[in-house]
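Have a look at the structure below before the remarks.
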Amino acid sequence: MGASQTRSEHKYQDLMDKTGFSVEQIKNLHKRFEQLSGNEETISRENLENIPALANNPIRRQIIGAFFDKRNQHQNEVGSFEEIGFEQFLMVMSHFRPPTLKTTEEERETMRKEKLRFLFNMHDTDNDGTITLEEYRKAVEELLSKSGAIGQEGAKAIADAAMLEVASTNVPHMAPDDFYEGITFEHFEQILKGLEMESRMHIRFLDVDTTTMRCGRSTS
Amino acid sequence: TFHKYLDPSGFGKSLPEQGLLLLVVLVLLEGSVLPLGAASSPDVSHQDDSHNHKVADHGVNATKKVFPVLDVDYHHIQTPFEISLWVLLASLMKLGFHLIPRLSSIVPESCLLIVVGLLVGGLIKLAGEQVPPVLDSRLFFLCLLPPIILDAGYFLPIRPFMENVGTILMFAVVGTVWNAFFVGGLLYAVCQIQPANPSSLHSIELLHCLLFGSIISAVDPVAVLAVFEEIHINELLHILVFGESLLNDAVTVVLYHLFVEYAGVGTVTVMDGFLGVISFLVVALGGVLVGAIYGILAAFTSRFTSHTRVIEPLFVFVYSYMAYLSAEMFHLSGIMALIACGAVMRPYVEANISHKSHTTIKYFLKMWSSVSETLIFIFLGVATVDGPHSWNWTFVTVTVILCLVARVIGVVGLTYIINKFRIVKLTTKDQFIVAYGGLRGAIAFSLGFLLDQNQFAHRKMFLTAIITVIFFTVFVQGMTIKPLVELLAVKKKQEAKRSINEEIHTQFLDHLLTGIEDICGHYGHHHWKDKLNRFNKKYVKKCLIAGERSKEPQLIAFYHKMEMKQAIELVESGGGVKLPSAVPSTVSMQNIQPKKPPPAKAAERALPQLPKGREEEIRKILRSNLQRTRQRLRSYNRHTLVADPYEDGFSDLLIKKQKMIELEKKMNNYLTVPAAPPDSPTMCRARLASDPQAYSMKPVSDSVPVIQVDLASPQSPDSVNVMDEFRRANQEEDQGLMMKPPQGSSGSNKPGEADTTRDQQRLMRCLSDPGPSADEDEDEPFLP
């Protein structure tokens, strides 16, 4: 028992350093991963699409896409995976960790940038470094996709207005012939400054080791 | 009914005496004049003022009285008159404070008002009159408190409240109970160990002390609102302290009644304690339930008010007040009922009522709550002067110290526990502000005032101590919290208005986080929120919101709200005048729309060669439409422009919006923006009256683009040669009115026959729809 614990800790040490999760959290996530993948080593898009609770989510495709996006792995690669392993799964999840009391101002800044980058990647589907009007329109359409006809009509107007707002805030003086290519990451950061991403974009990761509650079960 | 509260023999006595003097003079004058008319002149002075009768009898012969041409009858109007006088005094004081330049920034308003109350009370006492018992509990709880709470509840920011509801409840319930027992218990201990002289303190019973503790430990929403409003701290802290002050009402009610009941008996058993806990749940949940029921009733009623817009605000007020009264009837928590009612009804009512009603509700609530607050503080001052006081150094100072200590320990201890469950932890700075912001106020005083003097021998001492604590918290803590907030560099409230991008991403985040939670496999906060939203959308909205709006997604509702706000702002700022903007931007839609390479430039510049018949047709259309435009414009002024759109109901606006969208699709989508050629009045006027879509595209935030259009006076366009306008517009390059050839893919019209369509475009430019759905009978766009 003791030996296997230290072994698992050592196994997870690498992951802990990379993602910042605690051992308990990693263990719980691993269990979930195995559940999703059917005890395989990797999960594919179908595995995620089969989650029933996700069916009602309007931006389901983008969320699933984000898991398979190489840009979210922080290794300067682009493109997308077909299947992902546990490490990649964990990397994506690490974007949703909350700041702790010990997080310094600098770390908060980095965290905020990271989370904003995640969001940006979700919008910037062709990976050209900017969110063009088309991409933004698509994003808003997806957001309103569960709201029927009214949603679709309004989507274009809203996306246009939003784009206009970004342009006016960031590049206030444009000659009539200038063309605003798209929202760059800096502009994206600027317009979402008020939302304080590091305090908002997080979920609760379970710390409690649920295995201890199941008496007599052998665990890996 | 108010006679009871505003003692007739009190404040108002000086006025009838003066009136009496006047009457005497008048009657004597009348006595020397021929008595008028009828034999049986009615006796107008119909009250028990004996002086009046005597004087009248003297100056008159036996059979008939002199007809009083001028009579002073003060008692008839006494009560409303005095009430109005107080309200007037309160409002004038409020005015006065803001006229004195530096005062309001140093001293919070609440302090100043208490001082005014002290002065007024002092003056009354000096005049030898008896100070009226103004802070009578019934007056306070039934008339002065509800407007403030309703205002708070109706405008409660739901999202931060719900996100922190666990923390708030912990502070409100556990914190208040802790405070009550700590203060009460230790006070009893201190009183018992009084050295030397057998002071009256020995005779205080434990239960009385606990009762006192429970009265004094409740954080007061009125005081918190008054002080926190001026310091603008960040939303989280504000909602924590404020939420706590609202939700601790249930605890206070239960503890108060519990101790009052059992103070008579003298003992409390475990069973009683247990019953107390049950009672608390009943009081709290019952209050919320009552409020929610009335809220849903109000929302349902508002669904049918589309034909009687005028009384819409009334429903909001009356239903809420009835919720409060119903809850009070059952001894449930009236405050929680009010909050629940306001919070539940708001989203549905706002979707149903007209814009004007919305404004009315907002301003009435603000006005009433402001007046109430002012009155409460003034009355506190007056009541302080009135007494009855019984100063006891030990008791009072120990109370003050214990209150502070209990608050600090409570907050620190609770935060330690709470932080284990919170994701975004509370820092030490936060804890300090929460502890320091625990102000006591008039509720504590009123509750103390309600105590029966016979049952509670130390009532006077209690009242004195309560007042001292109130003064201490309001003056000392209230005045110093602002500099402390600056000193500690506590995060302030963000002033920026909500932008459409923020709203999009808030929604996006909601869905994203729900999705991630689902992938993680546990049902967290977001999952349940999402479920509630879906339930709301599917069932509740359909019942409570009228018409089309029940299906409107939140994002679109937000967007429409923004458009309206902007349109109003635009119109109120004079129509074409420069919009207030921090960063004037020249960005317009044309900068964003993807460009297509323009076809042969030469063709663009050339004048259209129109067949003669066509030209005549165009001229006719132009003339007739311009006339219509002119007529409409003449009847416009800043006020009527706003009048129409919002009375038609929102669905009409939506339909017109649709038409506008279609119109826009056919037009070239260059929205009006700056650098309009200033020398074309027709164009100017057309643009002034241009379609609402143009306005709606502008961003909401401060960096609204500048529209440099002069509000030209409606000159007669007859002399204007419209074709000349075309020529001039053509030659002016790179102005906002640039006519680019139609774009292919973005839904605009196809090139088709180049000449006529270009012409049509120019036509449309000129004749763009005058004003946001101002003209009811113009149903379709006047395209040729």
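The values are calculated or read from the model by the stated rules, or taken from the named source; none is laboratory data. Keep in mind that what you see is a predicted model, and the values were worked out from it rather than measured. Here the Cβ is made from the backbone with ideal geometry for all residues, glycine too, and neighbour counts use every protein chain on show. Side chains included, ligands, DNA and RNA excluded: accessible areas come from the protein's heavy atoms. Shrake-Rupley method; radii C 1.70, N 1.55, O 1.52, S 1.80 Å.
Please give, to one decimal in nm, the separation of the simple spin-label points placed at A:Thr104 and A:Gln13, each 7 Å out from Cα toward the Cβ.
Calculated label separation equals 2.5 nm.
Can you work out the FRET efficiency for the pair A:Gln190 and B:Met322, with r the C-beta to C-beta distance and R0 = 45 Å, to the nearest 0.05? Provide the component values of the computation, followed by the final result.
On the way: r = 48 Å, r/R0 = 1.07.
Here the calculated transfer efficiency is 0.40.
Only Lys, Arg, Asp and Glu count, each charged at its Cβ (+1, +1, -1, -1), so figure out the dipole size of the stretch A:44-148 about its Cα centre, rounded to 20 debye. If you can, show how the numbers build up before the last one.
Values: 15 positive and 19 negative charges, 87 e Å.
Computed about the Cα centre, the dipole is about 420 debye.
So, in nm, how far is label B:Glu230 from label B:Ser137 when the simple model puts each one 7 Å beyond its Cα toward the Cβ?
Those two pseudo-labels are separated by 3.1 nm.
Extension gain B:His257-B:Glu572, at 0.36 nm per residue separation less the Cα-Cα distance, in nm? Write down the numbers at each step before the final one.
Details: separation 315, 0.36 × 315 = 113.40 nm, distance 5.32 nm.
Net length gain for the segment: 108.1 nm.
With every protein chain present, what accessible area does B:Val224 have (1.4 Å probe, heavy atoms only), rounded to the nearest 10 Å²?
0 Å²
For the stretch B:502-564, report the accessible area per residue in Å² (1.4 Å probe, heavy atoms, rounded to an integer). Show your work: numbers first, answer last.
Values: 2700 Å² over 63 residues.
On a per-residue basis, 43 Å².
In peptide A:169-181, what is the residue-averaged number of other protein chain Cβ atoms found within 10 Å of each Cβ? Intermediate values should be presented prior to the final figure.
On the way: counts 9, 4, 4, 10, 5, 7, 5, 15, 7, 4, 6, 5, 2.
Partner Cβ neighbours, averaged per residue: 6.
What average number of partner chain Cβ atoms lie no more than 10 Å from the Cβ of the residues making up A:191-204? Don't skip to the answer; put the middle values down first.
On the way: counts 8, 7, 3, 9, 6, 4, 2, 1, 3, 7, 5, 4, 14, 9.
The mean count of partner-chain Cβ atoms within 10 Å per residue comes to 6.
Rounded to the nearest 0.05, what FRET efficiency do B:Ile106 and B:Leu126 have when you use their Cβ-Cβ distance and R0 = 25 Å? Write down the numbers at each step before the final one.
Values: r = 28 Å, r/R0 = 1.14.
Calculated transfer efficiency: 0.30.
Express in % the proportion of alpha carbon pairs of the stretch B:91-227 at distances exceeding 23 Å. Don't skip to the answer; put the middle values down first.
Details: 5660 of 9316 pairs.
That tail contains 61 percent of the Cα-Cα pairs.
Compute the distribution of all C-alpha to C-alpha distances in the stretch A:99-201, in bins of 10 Å from 0, and list the percent of pairs in each, rounded to whole numbers.
14, 38, 32, 13, 2
Please find the FRET efficiency linking B:Val265 to B:Leu85, where r is the Cβ-Cβ separation and R0 is fixed at 56 Å, and quote it to the nearest 0.05. Spell out each step's value before the answer.
Details: r = 45 Å, r/R0 = 0.80.
For B:Val265 and B:Leu85, the calculated efficiency is 0.80.
If you build the Cα gyration tensor of the stretch B:436-542 and take the root of 5 times each eigenvalue, what three semi-axes come out, in whole angstrom, biggest first?
Working through the eigenvalues yields semi-axes of 47, 24, 14 Å.
So how much accessible surface do B and A hide from each other in total, probe 1.4 Å, in square angstrom to the nearest 100? Mind showing how you got there, number by number?
Working: alone 39220 and 13930 Å², together 46990 Å².
Roughly 6200 Å².
For chain A, report the translational diffusion coefficient in µm²/s to the nearest whole number, using Stokes-Einstein at 4 °C, 1.567 mPa s, and a Kirkwood Rh over Cα pairs. Before the final figure, lay out the partial values.
On the way: Rh = 19.8 Å.
For the chosen part, D equals 66 µm²/s.
Excluding ligands, DNA and RNA, what is the solvent-accessible area per residue of the stretch B:292-359 at a probe of 1.4 Å, expressed in Å²? Could you put the intermediate results ahead of the total?
Numbers: 2960 Å² over 68 residues.
Spelled out: the 1.4 Å probe surface of the stretch B:292-359, per residue, equals 43 Å².
Using mean Cβ contacts within 10 Å as the protection proxy, how do B:435-441, B:565-571, B:66-72 order, highest first? Let's see the in-between values first.
Values: B:435-441: 25.3, B:565-571: 17.7, B:66-72: 15.1.
My ranking of the peptides, most packed first, is B:435-441, B:565-571, B:66-72.
Which whole number gives the average count of other chain Cβ atoms within 10 Å of the Cβ atoms across peptide A:131-142?
Values: counts 0, 2, 4, 2, 0, 3, 0, 0, 3, 5, 0, 2.
Neighbouring Cβ atoms belonging to other protein chains average 2 per residue here.
If only Cα atoms are counted, what is the Rg of the stretch B:316-372, and what is its Dmax, in Å?
Looking at the stretch B:316-372, its Cα Rg and Dmax stand at 12.3, 36 Å.
I'd like to check one number: the per residue accessible area of the stretch A:99-201, probe 1.4 Å, reported in Å² as a whole number.
Values: 4320 Å² over 103 residues.
Value returned for the stretch A:99-201: 42 Å² of accessible area per residue.
How much of the accessible area of the stretch A:99-201, in percent, comes from carbon and sulfur atoms when a 1.4 Å probe is used?
Working: 2210 of 4320 Å².
Ligands and nucleic acids excluded, carbon and sulfur give 51 percent.
Using amide H atoms built in the peptide plane, which far-off residues or other-chain residues are under 5 Å from A:Ile131 H to H?
Counting only residues 5 or more places away or on other chains, the set is A:Ile183, A:Thr184.
Beyond 18 Å between alpha-carbons counts as too far, so tell me which of A:Lys113/A:Lys193; A:Lys102/B:Lys429; B:Lys491/B:Lys565; B:Lys429/B:Lys482 fall in that bin.
Numbers: A:Lys113/A:Lys193 10 Å; A:Lys102/B:Lys429 14 Å; B:Lys491/B:Lys565 28 Å; B:Lys429/B:Lys482 14 Å.
The pairs that break the limit, which is 18 Å between Cα atoms, are B:Lys491/B:Lys565.
What distance in nm separates the two pseudo spin-label positions at A:Lys113 and B:Gln494, each 7 Å out from Cα along the beta-carbon direction?
The two pseudo-label positions are separated by 1.9 nm.
Just to check, using Stokes-Einstein with a Kirkwood Rh over alpha carbon pairs, what's the diffusion coefficient of the stretch B:502-564 at 25 °C and 0.890 mPa s in µm²/s?
Numbers: Rh = 13.0 Å.
Reported coefficient: 188 µm²/s.
Projected area of the stretch B:480-530, taken from the Cα convex hull and averaged over every viewing direction, in nm²?
Numbers: hull surface 23.1 nm².
Across all orientations, the stretch B:480-530 yields a mean hull projection of 5.8 nm².
Calculate the all-directions average of the projected area of the stretch B:97-160's alpha-carbon convex hull, and give it in nm².
Details: hull surface 27.9 nm².
Approximately 7.0 nm², given one-decimal rounding.
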